[in-house]
Every structure is written in structure tokens, then in C-alpha cells.
Amino acid sequence: MTIQRIFETLPGEVIFAIPLAVLLTLVLLLLRRIAIKRAKGRRDTVAHAYAMPVDDAGAIATRIEAAKAGNNNVAVADLYLAQALAYQKLGDEKARMTALTAAAGYAALHGPESTHAIARMHLADAARSTGDMTSACEHWHLAREAFHASGHSEEHARVEKLMRENGCPTDWVLTEF
């Protein structure tokens, strides 16, 4: 094959190769996006956070320290939530609130979003039970955003309804200062 022949056939080959390469790239990007969503869905579910085992608070504290030592911050958030539920069973409200605050803080920074949302819901309920509706509304607002970020639209809608029923300010009131 001569060089002249190569230059004559090359544009025809490129015309077919470019669309094929673009199509292949789009398929690979789509498959990657699906895989990421599935992985996130397995890691970050509301059911996982609700199903956290409620052991004794001391055993959970040991697991928290081990998770912190291993820099497993996602596990730390879930463990603090489990510890809060254990303290609730024991009737230790002060320790429960400390654990809920830690769970919300770790989950806000490191995930999972569902743990952040559930911890905020517990904190909102505690604030509402003491008559502190300002704090309750703030916690509901953060929980609503965390449910939205984690893709839990039903929980998001439920919290929005709860906020409206309790007279919480709308977003524009909270953000337009």
C-alpha cells in the first residue's frame, strides 16, 4: 500500500472511528455512574441506620475507639447513633444527647447522610419535647437536607410536612439575611 493510498483512505476510516469512540466513551461513563449509585445505595441507606444494633453502651464505646483508631469515620457516626439508642434504653438522657450530637457531627463531616438525618431527627424530637422549637426547626431543616442528599425523597417529604405543621420558617427566611 502506498502512502498516497493511505492518505486517501484515512479520512474515511476516521469518519467511522470517531463516532464509535464517542459512543463507547458514553457507554463507559453510564456504566460507571450506575456502579457509583449502586455502591452509594448499599453504603448509605436509612434502613441501615435504623437497624444499627443496640448493644450495651460500654461495648459500643470500645467499638467507637477502635473505629477512630482506624480512621473509619463513617463507622464512628453509625456507632455513636447506636450508642445514643443504648443510652436511651438505659434512661441516660444526658449521655444520649452527647452521643446524638457526636453522631450528627461525624455523619455531617464524613457520612453517611442517612445517619446524619436520623441523628438530627432524634435531636429535633428532644428539642421539641423541651419546648425549644427554634432548635427543633434547625435540626429538622438539616435532617431534611441530609435526606435529600442521600436520595430518600419520601423521608425528605415527611420532614418538610413536619416542618410546615410545626410552623418552622421556610428556606428563604433562613438563608436571606
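The values are calculated or read from the model by the stated rules, or taken from the named source; none is laboratory data. Quick caveat: nothing in here was measured; it's all calculated off a predicted structure. Glycine also receives a Cβ, built like all others from the backbone with ideal geometry; neighbour counts cover every protein chain displayed. Side chains included, ligands, DNA and RNA excluded: accessible areas come from the protein's heavy atoms. Shrake-Rupley method; radii C 1.70, N 1.55, O 1.52, S 1.80 Å.
Do you know which of the residues in region 15-46 that are modelled with pLDDT under 75 and either open to solvent by less than 70 Å² (accessible area, probe 1.4 Å) or not in a helix (DSSP H, G or I) (or both) is farthest from LEU85 (Cα to Cα)? Per the stated criteria, the residue is ALA35.
When you look at SER114, is it polar (S, T, N, Q) and closer than 26 Å to ASP56 by Cα, yes or no? Judged against the criteria, SER114 is a match.
When restricted to residues that are open to solvent by 50 Å² or more (accessible area, probe 1.4 Å) and modelled with pLDDT of 90 or more, region 135-156 contains 3. In summary, GLY91 fulfils each of the numbered conditions (1) surrounded by 15 or more Cβ atoms within 10 Å (Cβ to Cβ); (2) on the phi > 0 side of the Ramachandran plot with the single exception of condition (1). If you scan region 81-95, which residues turn out to be closer than 20 Å to GLU113 by Cα and touching a Phe, Trp or Tyr at 6+ places or on another chain (Cβ under 6 Å)? Correct list: empty. Out of curiosity, is THR62 farther than 25 Å from ALA146 by Cβ, modelled with pLDDT of 85 or more and surrounded by 10 or more Cβ atoms within 10 Å (Cβ to Cβ)? Criteria met by THR62.
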